[in-house]
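**Q** Here it is: the structure, laid out below.
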Amino acid sequence: MNNEFEMRAAGPRKFSYLELARSTAGFAEEGKLGQGGFGGVYKGFLEDQNTYVAVKRVSKTSRQGIKEYASEVRVISRLRHRNLVQLIGWCHEKGELLLVYEYMENGSLDFHLFKEKSLLTWSTRYKIAIGLASALFYLHEEWEQCVLHRDIKSSNVMLDSNFNVKLGDFGLAKLVDHEKGSQTTTRLAGTFGYMAPEYLLTGKASKESDVFSFGVVALEIACGRKPIVDEAQDNQIRLIDWVWDLFGSGILLEAVDSRLKLAFEEEQIKRLMIVGLWCVHPDSGLRPTMRHTIQVLKYEAPLPVLPSKMPVASYVTLPKVSNSDLSRPSTSATYLTPPSVSNADF
């Protein structure tokens, strides 16, 4: 594994376990930045570089730990974009799997939206949405291969000292050749609430399923609500359903994060929510590309015309459509209910 990583990862370097243990004061709990299914992330300080880093320590109990560790090194070490977290180095010694990233001073987006780390201003939120869209456009269209991230969510959207977006966590990412299409069949993986219905049903990840996840995050940014809210009223449990109902009733602004009060640009926040709904369209063939998403967010293309009620999902093969077709309301479609999924599955 060492030789393969050293050949592939020209930028990131190999660290020793001792270096990283020292940098994190022995992976001290007080320096822990976060915890996920993969393991913990710790704040470290590299004395020779006089810089702080984030060290991901893959859990030894993680069923997919080695696979996700290898995937992350192979994929992210080759990517270069201002809106992607930079991988600084890696280490596998003493039965440990460690990844070293640039340190993000403002943590992850979910801490600001849901854990009251700070109240993000509207201008910052809009910048975050465009930065995340730019990262996905690069992954889908601009790199030598199509990169399917497969785990777009607010906790993987990192923020630097100026609240610039850095998308991270490529442990579930898959590479697909552009000319062979963007769809891949693999083990169902991701986070419930962010996964597209057709992906839940078929296990086939695609650009469109990444776009769906982006749409959920866009709605989170505007509304300050999680994708699933257990204590909400019956018609407000799913963020997508709740926002689409308000959109259809002509009172979309009622979905805006109340903590913003009136300190937002009305046209922008409507635009972000409508784009979010467009991206989570139940029919994957009627979602926009990330290129078109960016154009709409930057006022370079008109808003889509969406139906007042959220369409039911269709899982039959749809004909190819042009960008002009995407702005028309969809017709009714046959609905097929995805299998039930529990949080424990993820």
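**Q** How much length, in nm to one decimal, is gained on full extension between ASN50 and LYS14, taken as 0.36 nm per residue of separation minus their Cα-Cα distance? Please list the in-between numbers first.
**A** Values: separation 36, 0.36 × 36 = 12.96 nm, distance 1.76 nm.
Taking 0.36 nm per residue and subtracting the Cα distance, the gain is 11.2 nm.
**Q** Per 0.36 nm of contour for each residue apart, how much would the distance between GLU30 and ASP230 grow if the chain were fully extended, relative to their Cα-Cα spacing? Each step should come with its number before you reach the end.
**A** Values: separation 200, 0.36 × 200 = 72.00 nm, distance 3.07 nm.
Length gained between GLU30 and ASP230: 68.9 nm.
**Q** Shifting gears a bit: Could you work out the relative contact order of the range 89-205, using alpha carbon pairs under 8 angstrom and six or more residues apart, expressed as a whole percent?
**A** Reported as a whole number, the value is 23 percent.
**Q** Work through the residues other than GLU29 whose Cβ is under 15 Å from its Cβ and net out their charges, Lys, Arg +1 and Asp, Glu -1. Can you show the working numbers first?
**A** Working: positive: LYS32, LYS43, ARG57; negative: GLU30.
Taking every Cβ under 15 Å from that of GLU29, the sum is +2.
**Q** Quick check: residue separation of GLN295 and VAL312 times 0.36 nm, minus the Cα distance between them. What number comes out in nm?
**A** Extending this stretch completely gives an extra 3.5 nm.
**Q** Let me ask something additional. Return the lysines within reach of LYS204: Cα separation strictly under 23 angstrom, same-chain partners fewer than 8 residues apart disregarded; answer none if there are no such residues.
**A** Answer for LYS204, where 23 Å is the Cα cut-off: LYS67, LYS153, LYS174, LYS180, LYS320, listed by chain and number.
**Q** Further, regarding this structure: Which net charge results when you count Lys and Arg as +1 and Asp and Glu as -1 among the other residues whose beta-carbon is under 9 Å from that of ASN106?
**A** Surrounding charge for ASN106 is -1.
**Q** Here's a follow-up. Considering only Cα-Cα distances, which of the following residue pairs are longer than 28 Å: LYS270/LYS309; LYS43/LYS207; LYS117/LYS261; LYS32/LYS166; LYS127/LYS207?
**A** LYS43/LYS207
Taken together, the values in this text are just the output of simple stated rules run on the coordinates, not laboratory data. Just so it is clear, the structure is predicted and the values come from calculations on it, not from any experiment. Counting neighbours? That spans all protein chains shown, and the Cβs are built from the backbone with ideal geometry, glycine included.
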